[in-house]
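Encoded as structure tokens, the structure appears first; notes follow it.
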Amino acid sequence: MAVAVQTSWLKEHWPYLFGAALLHVFIAALFGLAMLEMRRNVPPPTLAIQAVVVDQLQLSKPTRQQQQRERERREAEERAAAERKQREEEAAKQEQEQRAEQERQETVKRQEQEREQERVRQEQVTREREAQEKIAKEKAAEEQRAVERKQAEQEQQKKLEAERQAKAEAERKRVAEIERKQREREEAERKRAAADAEAREKQLRDQLAEEEGLMQARSSPAMAQYAAAIRDRVERNWNRPPSTRPGLECVVAVSQSPNGTVLSVRVEQCNGDAAVRQSIENAVQRSSPLPLPSDPRLFERSIRFTFKPDE
């Protein structure tokens, strides 16, 4: 793997390597010519040393610039490779997420199909079971009818035999039995009619007593106290709107639970505006649960009362 990478790198950068080699050859040639010239002129040692130092700096400067450009080029390639790798990883991640979502949707769809198949199977099983039960019931009913027919035939044969042996006695007993059963039926019907009449009379008396008691309770002070308690509580919880006119009178319909909790409220007839109506409904809701009557017979789930705060 490393050899393959190195070979690929040499193929991509051979022009730079070739140029660097030529540059080194050129520098070496200049250095040789300078040495020959120095030997011919025999300059002072100090000057020769200074000349050599200057020549080396001038000759090495292009090499450093080239190395800097090479380093910058490699860094740019590395950044481009890193960005390309990051894009590839993001694309792979997105593709993986899409595949996962597709698999999840396919799983959900498959589960729905399985549930639908199971429902259809259960319905089929239910229909088959019901059909089998129906067949079993019909078979049992047919067997019962066959038994009854057989028993009837046996009874008929016994009856014929008894008639043949003692027709007169059988006829007498038959007539006596019919008369006895008729008397029993008539007696039972008479008792049942008397019991029904007595029950209806008692029910009517109880109903009349209950209605009379309810009418007495509604006309008693307890009813007035119950209505007054409701009105007083609603008036205490009422916030008078600025648009309220004198002589306000509104009929309020309230639906309540057995413990007095307000289920619904509606202002029916009212000489106030919408703000007044809303304020009355809010007051009723704030008054929940409403007071309960001292006599439980007076309680009604739906009640109506007249709201007159100025009285």
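Read-outs: derived from the displayed coordinates by stated rules, not from any lab. Model, not experiment: these values are computed from the prediction. Glycine also receives a Cβ, built like all others from the backbone with ideal geometry; neighbour counts cover every protein chain displayed.
Measuring between alpha carbons in the structure, the pairs from LYS137/LYS181; LYS159/LYS181; LYS134/LYS159; LYS158/LYS181 lying more than 27 angstrom apart are LYS137/LYS181; LYS134/LYS159.
Of the three principal axes defined by the Cα atoms of region 224-307, the extents in descending order read 38, 23, 20 Å.
Under a point-charge model restricted to the Cβ atoms of Lys and Arg (+1) and Asp and Glu (-1), what is the dipole moment magnitude of region 224-307 relative to its Cα centre, in debye to the nearest 20?
Values: 11 positive and 8 negative charges, 21 e Å.
So the dipole magnitude of region 224-307 works out to roughly 100 debye.
Work through the residues other than CYS250 whose Cβ is under 9 Å from its Cβ and net out their charges, Lys, Arg +1 and Asp, Glu -1. In short, 0. The slack between CYS270 and PHE18, meaning 0.36 nm per residue of separation minus the straight C-alpha distance, is 80.0 nm.
Between ALA92 and ARG119, how high is the FRET efficiency from 1/(1 + (r/R0)^6) when r is the Cβ-Cβ distance and R₀ = 45 Å? Nearest 0.05.
Details: r = 40 Å, r/R0 = 0.90.
So the FRET efficiency works out to roughly 0.65.
Count Lys and Arg as plus one, Asp and Glu as minus one, and take only other residues whose Cβ is under 14 Å from that of GLN151; the net charge is then +1.
What is the calculated FRET efficiency for ARG110 to LYS134, with r their C-beta to C-beta distance and R₀ = 51 Å, to the nearest 0.05? If you can, show how the numbers build up before the last one.
Numbers: r = 36 Å, r/R0 = 0.71.
For ARG110 and LYS134, the calculated efficiency is 0.90.
Straight-line cross-link reach from LYS109 at under 29 Å between alpha-carbon atoms covers these lysines, not counting any fewer than eight positions away in the same chain: LYS93.
Provide the net charge surrounding GLU187, with neighbours chosen by a C-beta distance below 12 Å and charges set as Lys +1, Arg +1, Asp -1, Glu -1. Spelling it out: positives minus negatives among the neighbours equals +4.
Contact order for region 224-307, expressed relative to its length and based on alpha carbon pairs under 8 Å spaced 6+ residues apart, stands at 41 percent.
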